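Visitor: This structure is in structure tokens; I'll ask about it shortly.
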Amino acid sequence: MASTPPPADLVVIRGRVYTLSWAEPGRDGTPDSGAPYDADGWHPDAEAVAVRGDKIVFVGTTSEALRLVGPDTRTIDARGSTVLPGAVDSHMHVASLGRTLSQLDLRGAIGEEETIARVANYAASVPKGTWIFGQGGEEDHWNKTQPTWEALSARVPDHPVLLYGKHGFVVRGNRKAFQLAGITADTPQPDGGTIVKDAAGNLTGMLLNRGASRLLSAKIPHDTREDREQQFRLGLAEMASHGFTAVHEAGVDRLSLEALQALDAAGELPIRVYAMLSGRDAELMAEWAARGPVHQPSGRLEIRGVKAYYDAALGSRGARMLADYSDRPGHRGVAGSEYGFDEAAVSKAMTAGFQVAVHAIGDAGNREVLDFFEKMITQTPALRANRHRIEHAQVIHPDDMPRFSELGVIASMEPPHAVEDKAWAEARLGPDRVRGAYAWRSLRQAQAHLVFNSDLPDGDHSLFYGLYAAITRQDKSGQPVGGWYPEQRMTPEEAVRGYTTWAAYASFTEDDRGALKVGNLADITVVDIDPLTVGASQPHALLSGRATYAIVGGEIVHGSEASPP
Ligand SMILES: [Zn+2]
């Protein structure tokens, strides 16, 4: 007689489970012959998952899973929802997200009265003297007059206030903030900005452009460890609520690292964090180059990567191009040591065994980073195994496409960037180079590893927005019809893999995560729309998708209580 297996701690039943344990799709996106795909499209390959401890112990039918239910087993009835391997945002800035979430939200506050009322309300909730930061102010509606400055200062006299407009050009403060910054009506106008005054020469509380806003922002106290911990708590909770089970934090300075380590030690990290140390923190880099990376797939915190910056952005024409910008002759952007790339420090970290992830946008920026990787790997071939990454990999010269796979370099890309940048990207690049921009399919066909992410806080961090952008290359309003350079679109399977299996590969955890199979860690995301079938038939509907559960190592970190508790 077969012995009865011990009961599971958690079972997920009646789901549309896609295990993603079948082989990778072809380079053109064709599903593998072993994939649960036929002429009718995709079909889930399981109904249920059972978990004991932090591991998956069973994947199969609901009736079989129910045999593993004991008196203490928690059950999630997925009721036909889709069950996927845990979703990962593999490049984001979760502390910045948390900072934004902890600040006063001014979006939609039209008119002085409402703006001031929101600030006053917020002020009532924090101790006197605490700086108040407002984000997303409707600056087109801000009155640049003395009376509104008086009104704000009178209603909020005891807290320094700094409000950011949503376009980022105008900031405004109250009297308390201006006093702390020593700005008076007699302060000379700074370079690169304007202290806005009324006709009589009085302060209005407005500062125009960075040269002036800096006078105020320079007085903001630095984050404390507690501030940073709180930012991570808020940011990670937000990501969990969107179904993510892990994030890669792209650029961790010492304060962030200490905050993450403290939260980890206290058991307060709701989801996993793969930390990339900031290449801008030279001391931290030197210290960790001496220690080497921390790899622990079952833990909540891994210190395994280093983030470096090679060139700037395409929109501002800072990305380094091989030839002049099409809309600014004579200009090719900046890169390398000019842009703060510390080759010696990055080389040391690489030699110490870290995965090196370098921000590169322009085709020259990407080529030079590939040159750097090639030089290092030629000297020490073993360094290739550390799966180095180019973050954004935004514009690639055709000659450089095959070098990603030759050097084992992962292209880490944001599907939403393509649809958000399309309005001006072609003007910057011209009709030929634009074909190598956001070129997911070209990179796949060149045998490169890809991984998808949001680069939040600049973007919308919804998993569904990322999937939608990858599948359609259309913006949220469905433009352009048919997609922007649609030959670069991903299939629904590739899009899902970009946030699951490929993300696991990018963090060296493909043997532990990224697929729902027995023995893997129980990182599971449940969503209310099937991205494989809906992504194929009516992708625009993906935008209304929601994550109903996020499970990390068997722990439910988002979703209504399973029964029984
Ligand atoms: Zn970033």
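Visitor: Students sometimes get this wrong: rank D399, D253, D432, D311 by accessible area, probe 1.4 Å, all chains present, largest first.
Guide: If we order D399, D253, D432, D311 from most to least accessible, we get D432, D399, D253, D311.
Visitor: Let me ask you something else. Work out the length of the dipole vector of the stretch 128-275 about its Cα centre, built from +1 on the beta-carbon of each Lys and Arg and -1 on the beta-carbon of each Asp and Glu, and round it to the nearest 20 debye.
Guide: That gives the stretch 128-275 a dipole magnitude of about 360 debye.
Visitor: Per residue of the stretch 476-489, in order, report the coupling 6.51 cos²θ - 1.76 cosθ + 1.60 (Karplus, θ = phi - 60°) as ³J(HN,Hα) in whole Hz, putting x for Gly and Pro.
Guide: Listing the rounded values in order: 5, 8, x, 9, x, 4, x, x, 7, 6, x, 5, 9, 4 Hz.
Visitor: Taking the stretch 310-449, how much of its Cα-Cα pair set, in percent, is spaced more than 24 angstrom apart?
Guide: 26
Visitor: How many angstrom lie between the C-alpha centres of the stretch 330-403 and the stretch 57-83?
Guide: 46
Visitor: While we're here: Calculate, for the chain, the solvent-accessible area per residue in square angstrom, rolling a 1.4 angstrom probe over the heavy atoms of the protein chains.
Guide: It amounts to 40 Å² per residue over the chain.
Visitor: If you consider only alpha-carbon coordinates, what radius of gyration and Dmax does the chain have, in Å?
Guide: 25.2, 95
Visitor: Please report how far the C-alpha centroid of the stretch 193-270 lies from that of the stretch 497-565, rounded to the nearest whole angstrom.
Guide: 29
Visitor: Still on this model: Lysines within cross-link reach of K176: Cα-Cα under 26 Å, excluding same-chain residues under 8 positions apart?
Guide: Reachable lysines: K128, K144, K166, K197, K219.
Visitor: Follow-up. What are the extents of the Cα atoms of the stretch 442-565 along their three principal axes, in Å, largest first?
Guide: 48, 32, 29
Visitor: For a quick check of understanding: with a 1.4 angstrom probe and all protein chains in place, what accessible area in square angstrom does K166 have, to the nearest ten?
Guide: 110
Visitor: As a test, work out the antiparallel percent of DSSP beta bridges whose residues both lie in the chain, rounded to the nearest 5.
Guide: Beta bridges within the chain, antiparallel portion: roughly 45 percent.
Visitor: Continuing with the same structure: Run the accessible area of the stretch 96-217 with a 1.4 Å probe and give the carbon-and-sulfur part as a rounded percent.
Guide: The C+S portion of the solvent-accessible surface of the stretch 96-217 is 52 percent.
Visitor: Could you state, as a whole-number percent, how many of the C-alpha pairs of the stretch 1-40 are farther apart than 15 Å?
Guide: 63
Visitor: Once Lys and Arg get +1 and Asp and Glu get -1 on their Cβ, which of M285, Q231, L203 lies farthest toward the positive end of the dipole of the stretch 202-356?
Guide: Checked the options; the winner is L203.
Visitor: Towards the positive end of the charge dipole of the chain, with charges on Cβ (+1 Lys, Arg; -1 Asp, Glu), say which of I76, G554, P147 has the farthest Cα.
Guide: Result: P147.
Visitor: May I have the pair-distance distribution P(r) for the stretch 96-217, computed from all Cα-Cα distances with 10 Å bins from 0 and rounded to whole percent?
Guide: 14, 51, 31, 4, 0
Visitor: While we're here: Suppose every Lys and Arg Cβ carries +1 and every Asp and Glu Cβ carries -1, with no other charges. What dipole size does the stretch 344-486 come out with about its Cα centre, to the nearest 20 debye?
Guide: Result for the stretch 344-486 is approximately 360 debye, rounded to the nearest 20.
Visitor: In terms of Cα to Cα distance under 20 Å, which lysines are near enough to K348, apart from those fewer than 8 places away along the same chain?
Guide: Output for K348: K307, K375.
Visitor: Quote the relative contact order of the chain in percent (integer), defining contacts as alpha-carbon pairs under 8 Å separated by 6+ residues.
Guide: 17
Visitor: Taking 0.36 nm per intervening residue step and subtracting the Cα-Cα distance, what contour gain separates E338 from T378 on full extension?
Guide: Computed gain between E338 and T378 is 11.9 nm.
Visitor: Oh, and also: Using the Cα centre of the chain as the reference point, and only Cβ charges (+1 on K/R, -1 on D/E), how large is the resulting charge dipole? Debye, rounded to the nearest 20.
Guide: 560
Visitor: Of the heavy-atom accessible surface of the stretch 310-449 (probe 1.4 angstrom), what whole percent is carbon and sulfur?
Guide: With neighbouring chains kept in place, the figure for the stretch 310-449 is 50 percent.
Visitor: Hey, another quick one. May I ask for the distance between the Cα centers of the stretch 442-485 and the stretch 91-146, given as a whole number of Å?
Guide: Answer, in whole Å: 31.
Visitor: Could you point to the residue in A8, G111, A87 farthest towards the positive end of the stretch 1-158's charge dipole, with +1 and -1 charges on the Cβ of Lys/Arg and Asp/Glu respectively?
Guide: Highest projection toward the positive end goes to A8.
The values are calculated or read from the model by the stated rules, or taken from the named source; none is laboratory data. This structure is a prediction, so every number in the text was calculated from the model and none was measured. Cβ: placed from backbone, ideal geometry, glycine included. Neighbour counts: every protein chain shown. Heads up: the accessible areas ignore ligands, DNA and RNA and are worked out on the full protein's heavy atoms, side chains in. Shrake-Rupley method; radii C 1.70, N 1.55, O 1.52, S 1.80 Å.
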